[in-house]
Amino acid sequence: MISAGAPVPEKGLCRESLAALQAEMVRRADYMLALAALMPSRLGGVLVEAASPDASAHLTQQLSGWMTGGGRAVRLPPGISDDALLGGLDLAATLSVGRPVIQPGLLSAADGRCLVIPMAERLPRQTAAQISRALDCSIVMTEREGVSCSTPSTFAALLLSDPADASEAVPEILNARIAFRLPGAFLPAQWAPLFSAKDICEARARAPGVDLPDPFIEAMAVACETLGIGDPRVLAFACASMRGLAALSGEPCVQEAHAELAASLVLGARAAPQMEMDQPPQPPPDEAKGQDKGRDGQSVDDLAELVVAAARFSAQIDAAARGKKVRKRMKGEVASGKSGEMVDSWQRGSRIDARAGDPRRQGRLDLIATLRAAAPWQKIRPRREGGAPIAIRAADFRLKRFRHRSEAVVIFAVDASGSTAMNRLAEAKGAVEFLLGGCYARRESVAVLAFRRQSAEVLLPPTRSLTRVKRSLAGLPGGGGTPLAAGISAAQVMSEQELRRRRSPYIVFLSDGQANVGLDGAGGREGGGADASRMARRLKGAHLPILFLDTSRRPNADARRLSDEMGAVYRPLPFADGKSVSDTVRQTLLS
Amino acid sequence: MTLFPFAAIVGQQALKDALIMAAIEPSIGGVLALGDRGTGKSTAIRALAELLPAIDVVKGCRFNCAPGARNGMCEACSKPGRRATCRMTAPVVDLPLGATEDRVTGALDLERALGHGEKQFEPGLLARAHRGFLYIDEVNLLDDHLVDLLLDVAASGENVVEREGLSVRHPAKFVLVGSGNPEEGDLRPQLLDRFGLCVDVRTSAEVKERIEIVRRRDAYERNPDDFVEDWAEATEELRARIVQARGAMGRVEVPEAVLEKAVELCCKLGADGLRGELTLLRAARARAALDGEDTVTEAALRSVAVSALRHRLRKDPLDDTDASVRVERAMTEVLVS
């Protein structure tokens, strides 16, 4: 009936023929959706990248039709609150009936259905973690505001993602639980599916009875190893897929063709890129071989080889289907690192939900949420004659919670050694003043570290006050050796402190890169340089946005190398003044 | 729902050991499992529920009070008089992300308040976890205010709730178990310090082991009940060992020489505070008890040192080696055996 190993249109692909690619992607989409519908709790679902709205709608409809619960898909609204996701008290019903009535959350409502997650790359980690947990346990646990219950829920997730660049990705916590990735750019708006709802239903009944011989599991494990796939979940996905594919094709036992197809569906998208590009892709052997019953004599290694070839070939198709969609980071653009991360706050940003709290200490009262919190308890609260019609207690107070981008802190690490120290410090001071002068609306803070003689010191702790800057940076001493390593280390320590305070640090170095004092305070170019490189490499590991302004007369190799080692953007700035430093910082880091 | 049996978990010896140690000696202070995705951290912890020996509780007590305890009982159980007891399985309570404070600490019973206009306390997750385990998956994503609350209760062993003129105080002593992926964000140092043992869970590199994992998982998914049945004997054996080790804990001696070594090891590593040494010794005693020995040997110390100390090392800017490696290195210097 259903052929599991339909021939791959490799010829069409070599010519990048759109039609062939489209046919192949449609075939994959069908298999992925079918498997996800077959065993949602084991495979999680499908992540679709860059599909058109029409194609997304078609995928949603198709997957919903194949799920046990049937009916419509459940769509996750962006920025969903915990109450809506996990369930909570249905206040109106509760008050009218006189006993707690639970309003089921979206995750329980999705039981037996398809959960569509649009803009999956923008999903907050918290929400992703809650969805992951429901996928893991097939149970939604609600412990919220007077409600304590757990309801079984098994759903297949359909993640729709359209990442603008590599930094936008589906939260890994959820990504790791989703078996399939489907590049959707070439999917047509509609197509006739390979399977009917009845096929899926029958396959579902057959799946647990399918025999999955050990050599297949072993071959798949070896293939994962060869392809550099470390996550054990992926192996489990591939094995479950083999079983599912056998069930779909009505076979009592997993066959080679199923292993190949499973590998191309699951392993392909995760295979580490292959180095040798001159070698033409090896298309997997055709179907006739797959049907070969004389498999007993075949070794696990042969099978593994076949599976690896299928996965590699699939990875190439994926790459073609993905096209050049993912924008490469432009030269000079700074890695966003941990900056700009969304943080929760009581003060500002976009509204997310309400939390219990004391309005006298922080935040703004959410009147509606407070009234809602107070409502169920009215019966037990004594009401005074002529008192307020509603009795509200301190415990009812709900505060508005907001989410905003974290605040930027620009940390200047200034080389205050040698004869030009005064110039550089003056530049830094000027830059700080310019930045602060122009940045009130942007709410940036600025800090200054200086390194000279044996160590680094904090001249100006993070501040937004211009007065403070003027006072603390007046009459700075300069001169002595250059403990660059100590300066780099101090900048990193301060950045980590700021990260803990939920701010986004940006580091600006003003130096010529000529270290001559080591971390231990001992002089010497060699030791100083080596320590500086070591600290620079350690700083790189923190993935912070860094700007290195080379202040030497002409750009020098040492500074350049050090800048690269710390993963910084390098700019030579021999005749700097406060204004130009400030402008460079704005253009490269804060834009 | 049938849980995957603890005894059937392949590999992950360090994590399994740490959990068993915490089950033998709750005062070790909890287990934190950090590491790679998909390594079965949650599976192992949830599976613990089936493994823990049953506990005696005062019948009808909603706070799992131990019969005959002198102190640390809830209000009702502290009153004089004899009470019937019953046995229950030791609780392993899941604290889900997104839980609100009132459900964690307990609050007024909404149904009673609405239906009968009565004020009655409804115990929360902390009460349910008393004398058992409290598990937080993705612990690094837990809201700050819940972390504060947990730290407070874990330190005092008591939960105090004041609401609607109702004042409730009940014991809440539990073994805190957390799991998470360090890439999702750092844990607050105070919370990190609360965990007695910290295990770095890694993906197994052994292909054979990975095949076995998949094979067992597949067997379990196909027929959970049969699978649990197949492992019932192994589970029972493990449970018996835990019971036996608990009984033997009191008899385990710590020789002066081993104590000195433990202190020296902590000094060498700059593990701040006394908690490191205490945890190290408690875990080593539990290890000895589990192995059926009556004195703590250096070998026992060695086997628990990495998980007891790796999260307490002072940060050294010059040394970015992995914490486990640093503990190992210090051990080769301090311990001779």
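The values are calculated or read from the model by the stated rules, or taken from the named source; none is laboratory data. Source: prediction; values computed, not measured. Note that we place each Cβ from the backbone using ideal geometry, even for glycine, and neighbour counts take in every protein chain shown.
A compact table of results
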{"item": "Verdict on B:PRO171 being surrounded by 14 or more Cβ atoms within 10 Å (Cβ to Cβ) and more than 12 Å from chain A (Cβ to nearest Cβ)", "result": "yes"}
{"item": "Qualifying positions in region A:136-153 - more than 10 Å from every other protein chain (Cβ to nearest Cβ) and within 19 Å of A:ARG72 (Cα to Cα)", "result": "A:SER153"}
{"item": "Residues located in region B:251-284, provided they are assigned to a helix (DSSP H, G or I) and within 20 Å of the chain's Cα centre (by Cα)", "result": "B:ARG275, B:GLY276, B:GLU277, B:LEU278, B:THR279, B:LEU280, B:LEU281, B:ARG282, B:ALA283, B:ALA284"}
{"item": "Pairs with Cβ under 6 Å, 6+ apart, first in region B:192-206 and farther than 20 Å from B:VAL177 by Cβ, second buried (at least 18 other Cβ atoms within 10 Å of the Cβ) and charged (D, E, K, R)", "result": "B:THR203/B:ASP36; B:SER204/B:ARG210"}
{"item": "Qualifying residue in region A:542-552 (condition: within 14 Å of chain B (Cβ to nearest Cβ), within 18 Å of A:VAL446 (Cβ to Cβ) and surrounded by fewer than 24 Cβ atoms within 10 Å (Cβ to Cβ))", "result": "no"}
{"item": "Candidates A:GLN103, A:GLN126 - the one that is among the polar types (S, T, N, Q), surrounded by fewer than 23 Cβ atoms within 10 Å (Cβ to Cβ) and under 20 Å from A:GLY45 (Cα atoms)", "result": "A:GLN126"}
{"item": "Unmet requirement for B:ILE9, which otherwise passes all of (1) within 14 Å of another protein chain (Cβ to nearest Cβ); (2) in contact with a Cys (Cβ under 9 Å, 6 or more places away or on another chain); (3) of a type in the set (A, V, I, L, M, F, W, C)", "result": "(2)"}
{"item": "Residue list for region B:93-111, restricted to those being among the aliphatic types (A, V, I, L, M) and touching a residue at least 60 places away in the same chain (Cβ under 8 Å)", "result": "B:VAL93"}
{"item": "Residue within region A:177-190 that is out of contact with any Lys or Arg (no Cβ under 6 Å at 6 or more places or on another chain), modelled with pLDDT under 85, surrounded by fewer than 20 Cβ atoms within 10 Å (Cβ to Cβ) and over 20 Å from A:GLY45 (Cα atoms) present", "result": "no"}
{"item": "Residue check for A:GLU260: of a type in the set (Asp, Glu), crowded, with 21+ Cβ neighbours inside 10 Å and in a helix (DSSP H, G or I)", "result": "yes"}
{"item": "Qualifying residue in region B:199-218 (condition: part of a helix (DSSP H, G or I), within 14 Å of another protein chain (Cβ to nearest Cβ) and exposed (fewer than 13 other Cβ atoms within 10 Å of the Cβ))", "result": "yes"}
{"item": "Neighbours by Cβ (under 7 Å, 6+ apart or cross-chain): first from region A:497-508, surrounded by fewer than 22 Cβ atoms within 10 Å (Cβ to Cβ); second of a type in the set (Lys, Arg)", "result": "A:LEU499/A:LYS338"}
{"item": "Options B:ALA44, B:ALA18, B:ALA76, B:ALA14: the member that is assigned to a helix (DSSP H, G or I) and farther than 23 Å from B:LEU125 by Cβ", "result": "B:ALA14"}
{"item": "Any chance A:PRO215 is farther than 30 Å from A:SER52 by Cα and out of contact with any helix residue (DSSP H, G or I) (no Cβ under 7 Å at 6 or more places or on another chain)", "result": "no"}
{"item": "Test: residue in region B:231-245 that is under 28 Å from B:ILE9 (Cα atoms), free of Cβ contacts under 8 Å to residues at least 60 places away in the same chain, polar (S, T, N, Q) and surrounded by fewer than 18 Cβ atoms within 10 Å (Cβ to Cβ)", "result": "yes"}
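Here's the yes/no breakdown for (1) surrounded by fewer than 24 Cβ atoms within 10 Å (Cβ to Cβ); (2) within 7 Å of chain A (Cβ to nearest Cβ); (3) among the aromatic types (Phe, Trp, Tyr); (4) not in a loop (DSSP other than H, G, I, E, B):
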| position | (1), (2), (3), (4) |
| --- | --- |
| B:VAL93 | yes, no, no, yes |
| B:LEU97 | yes, yes, no, no |
| B:LEU114 | yes, yes, no, yes |
| B:LYS119 | yes, yes, no, no |
| B:TYR135 | no, no, yes, yes |
| B:ASN140 | yes, no, no, yes |
